[in-house]
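Values quoted throughout were computed directly from the atomic coordinates according to the rules given, and no laboratory measurement underlies them. Predicted model, so just to flag it, every value in this text is computed and none were measured. All Cβ positions, glycine included, derive from the backbone under ideal geometry; neighbour counts span all protein chains shown.
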Amino acid sequence: MHSQTTFLRRFGFASFSLVLLTVGLIHGPIHQPAHYHAFADLYAYMGIPNTMDVLTNIGFLIAGLLGIYHYRQDSKNAGAWVICFYSLIGTAFGSAYYHLQPNDVRLVWDRLPITLTCISVLIATSHSQKNNWLALFVGSMYALFSIAWWRHTGDLMFYLLVQIIALIWIPLNLYLHQRVVSCRWALLASTCYLIAKICEWQDHLIFDHLLISGHSLKHVFAGLAAICLVRIYQTQSQHIARANAYHDKQQIHVS
């Protein structure tokens, strides 16, 4: 029964990913806007260029450190979540490094950890915690490929594809497997990330009407999404702990 469920889960993920990939190939290349690096808030405080866009990455750092703290309390439930939390810390530093002097070369160190975060969460919520290292290796290779593809061709399709898959598949997969609490946190994470993308697209418009730019707000909402990922990890760990306790109790009764 377990093997059948695992097969159906992997088949569903593969089918869903293939459909989105087909749509992406039909759509064609997705290029970065020519003015992408022209952010609205260029103010420098305390000698830090683009201060707010740099400092608002702290949400990723907080989420990553919180995740590592909880992981160290429950090292049995490791695997992909460890990569996720360290990738969030990498996103904090990579994005800050990029915003100090925005250009395509520095943008690599922003986008790579973001891609690793998305892939590791997909794996963590879709695979057994004890048997996901092969999936992590393949996912890491995909992350490197997606960034290399963008740098070589200018096409963001493979970079964006994994984000779209994560936004939809993670809450859907948790819902289908009756992980209600985790599903709610996943839906909240997806919502926060969608709001973050809207803020990114409306960077200048938001800055014209508020005291903070759209891109800085993007970091805030994406940071909130990252904290939701930590809550998913906690609820998943609690579920595994309860399942293990029940199994141990049954073994005691049998013996």
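By the helix-only formula, in which each DSSP H run with n ≥ 4 contributes -39500 (n - 2.57) and the sum is divided by residues, the chain has a 222 nm mean residue ellipticity of -27000 deg cm²/dmol. Given contacts defined as C-alpha pairs under 8 Å and at least six residues apart, what's the relative contact order of the chain, whole-number percent? Dividing the mean separation by the residue count of the chain yields 22 percent.
Taking one quarter of the surface of the convex hull spanned by the alpha-carbon atoms of region 41-254 gives a direction-averaged projected area of 13.0 nm².
Highest mobility in the GNM of the chain, judged by mean-square fluctuation with C-alpha springs under 10 Å and restricted to ASN57, ASN132, ASN103, is found for ASN103.
Which residue fluctuates the most in the chain, going by a Gaussian network model with Cα springs under 10 Å, if the choices are ALA80, ALA34, ALA96? Judging by the Gaussian network model, the answer is ALA34. Residues TYR69, TYR98, ranked from the fewest to the most other C-beta atoms within 10 Å, line up as TYR69, TYR98. Note on the chain: dipole from Cβ charges, positive end direction compared against PRO102, TYR175, PHE145; the farthest Cα belongs to TYR175. Note that region 137-237 shows a convex hull volume over its alpha carbon atoms of 113 Å³ per residue. Note on ASP41, ASP208: ascending count of other Cβ atoms within 10 Å places them as ASP208, ASP41, the fewest first. Charged neighbours of ILE212, selected by a Cβ distance under 15 Å, balance to -4 (K, R count +1; D, E count -1). Computed about its Cα centre, the charge dipole of the chain is approximately 980 debye, with only Lys, Arg, Asp and Glu carrying charge at their Cβ.
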